[in-house]
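**Q** The structure is given below, and queries will be raised subsequently.
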Amino acid sequence: MKREVPINRIVILCLFVLCLIHQSSAQDEDSSAVTSRLFGSVSITESFNDNILDYSSKDLFRLNNGNDILNFYTYAIDTATTKKARNDFRRKKRLLTEQYQIDKSNDVITSVRLRIGVAREFFENNPTSLRLRVARSLYSNSPVRNYSSFGIEVRQAVFKKYYFSLGYSALPEYYLRNLYYEDYGDSSRIVDPRYRSMFLPASLSKNSYAFEVGGSLSSKFSFSVQYDLESAIYNHEFTERDNIAHVIAFDASYKFHRTLKFYLDYKYSDAIAEGSVNSDTNIADISNSSHRFNIGGEWNLKSLTKLPLHWKAIFVYEAQSYSSVKFADVYHYGRKDNFYKIFSEVEYLFLKNFIVSLNYSWEENNSNLVETSDAGSYQTHQVGLGIEYSFRF
């Protein structure tokens, strides 16, 4: 059962605060001293993803050929010559039926995003802004994957060219996949010892607190530095995965021309999981550190194509190392992953304030371990078509 999270109440409260601020500024008698504006955007995107749970090639084969494998296990149980062999095939058959909670690996995803903010100049030429972001993703065939997220940020401009901000974001409920679980607790409730091991749904909730400073050093060069404190809480069967992460990010962008901009981002993350403080070698430890690099660019193509087109492309590389020191933790001990992503999007200014976009992304993760409990070596492709309306009052 999913945990009840009052996300709707939080979003309504944030919108109410935004409206109060905007209304109070509109009623301000001295409009020359205090100015305000309301701004934001609404977008809807339809995407097709061929591997929504980041399954490995082995998992994809088992998922797509599940009925044939189950029929084989049934035949093997009927023809086994020893009790041990029959029990072994029964266990394999049961685990296979528990392992996958979706019927197929691909899906069509509808994503709706709302960004809204209000800015008010309490200090001349240095506006203070309050920004809210809400998003919802719906999966056509696998609703277990549906999720929502939201974030709120307060940003203060300083010396016109610089700013600092405080932010909070949350992912209240996010289904990962069914993970292998072994009960090492109260054995009195286990009637059949074969059922100590099973596959159970794994989901998490995330919270992030961020502090950021940034600005423009010139008309062409801008930068930002950010620190995040992130927490991830899993359902009670997988509490050893609960973790706290410290994240530091550096972003820089340079505008070579009025139509061409490049940017480079670096992020370092260090996550410490509950399993690291448990001396039981049977308890997994997903503690890890990672280095992530983003290289990208944006190009306004109007002067070249005579059409209001805007193109952006991003290449991502991440090196992740797990720090488990438990030899028995076969899914994480000595594990190292290399993650790659290419994202490209073309935007067309259809009408004033309306943008139509077409995007494509490719992801690949390579792990040095052949078998992993969560996402290991996998590859995904996603293509999407979206529309966005932006506003400013």
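**Q** So if I check each of 275, 296, which one is small (Gly, Ala, Ser) and modelled with pLDDT under 95?
**A** From the options 275, 296, the qualifying one is 275.
**Q** Over 21 Å from the mean Cα position of the chain (by Cα) and without any contact (Cβ under 8 Å) to a residue 24 or more places away in the chain: which single residue out of 303, 279 fits that description?
**A** 279
**Q** Sort through 312, 326, 306 and tell me the only one that's modelled with pLDDT under 95, of a type in the set (Lys, Arg) and within 27 Å of residue 354 (Cα to Cα).
**A** 306
**Q** (1) free of Cβ contacts under 8 Å to residues at least 60 places away in the same chain; (2) closer than 26 Å to residue 373 by Cα; (3) among the β-branched types (Val, Ile, Thr): which one isn't true of residue 81, the others all being true?
**A** With respect to (1) free of Cβ contacts under 8 Å to residues at least 60 places away in the same chain; (2) closer than 26 Å to residue 373 by Cα; (3) among the β-branched types (Val, Ile, Thr), residue 81 is out only on (2).
**Q** Here is a list of conditions, (1) more than 27 Å from residue 289 (Cα to Cα); (2) in contact (Cβ under 8 Å) with a residue 60 or more places away in the chain, and residue 352 meets all of them except one; can you say which number that is?
**A** So residue 352 meets the others, but not (2).
**Q** Pick out the one residue from 97, 110 that is part of a strand (DSSP E or B) and either not charged (D, E, K, R) or not assigned by TED's automatic domain parsing to the domain that holds residue 74 (or both).
**A** Of 97, 110, the one residue that is part of a strand (DSSP E or B) and either not charged (D, E, K, R) or not assigned by TED's automatic domain parsing to the domain that holds residue 74 (or both) is 110.
**Q** Determine if region 278-293 includes at least one residue that is farther than 30 Å from residue 159 by Cβ, surrounded by 15 or more Cβ atoms within 10 Å (Cβ to Cβ), at pLDDT 95 or above and basic (Lys, Arg).
**A** yes
**Q** Only one of these is among the hydrophobic types (A, V, I, L, M, F, W, C), in the same structural domain as residue 280 (by TED's automatic domain parsing), more than 30 Å from residue 295 (Cα to Cα) and at pLDDT 95 or above: 233, 244, 248, 190. Name it.
**A** 233
**Q** Name every residue in region 37-94 that is among the β-branched types (Val, Ile, Thr), at pLDDT 90 or above and surrounded by fewer than 16 Cβ atoms within 10 Å (Cβ to Cβ), in order of residue number.
**A** Those that are among the β-branched types (Val, Ile, Thr), at pLDDT 90 or above and surrounded by fewer than 16 Cβ atoms within 10 Å (Cβ to Cβ): 42, 44.
**Q** If you check 227, 266, which single one turns out to be within 24 Å of residue 342 (Cα to Cα) and either out of contact with any helix residue (DSSP H, G or I) (no Cβ under 8 Å at 6 or more places or on another chain) or not charged (D, E, K, R) (or both)?
**A** Going through 227, 266 in turn, the sole match is 266.
**Q** Residues that are crowded, with 18+ Cβ neighbours inside 10 Å, in the same structural domain as residue 204 (by TED's automatic domain parsing) and polar (S, T, N, Q): does region 178-186 have at least one?
**A** Taking every residue of region 178-186 in turn, at least one turns out to be crowded, with 18+ Cβ neighbours inside 10 Å, in the same structural domain as residue 204 (by TED's automatic domain parsing) and polar (S, T, N, Q).
**Q** Please go through region 366-390 and give me each residue that is over 27 Å from residue 354 (Cβ atoms), part of a strand (DSSP E or B) and touching a residue at least 60 places away in the same chain (Cβ under 8 Å), ordered by number.
**A** Residues satisfying the conditions are 378, 379, 380, 381.
**Q** For region 236-271, how many residues meet the condition of being among the hydroxyl-bearing types (Ser, Thr, Tyr) and closer than 24 Å to residue 286 by Cβ?
**A** Qualifying residue count, region 236-271: 4.
The values are calculated or read from the model by the stated rules, or taken from the named source; none is laboratory data. This structure is a prediction, so every number in the text was calculated from the model and none was measured. As a convention, Cβ positions derive from the backbone with ideal geometry for all residues, glycine included, and neighbour counts pool all protein chains shown.
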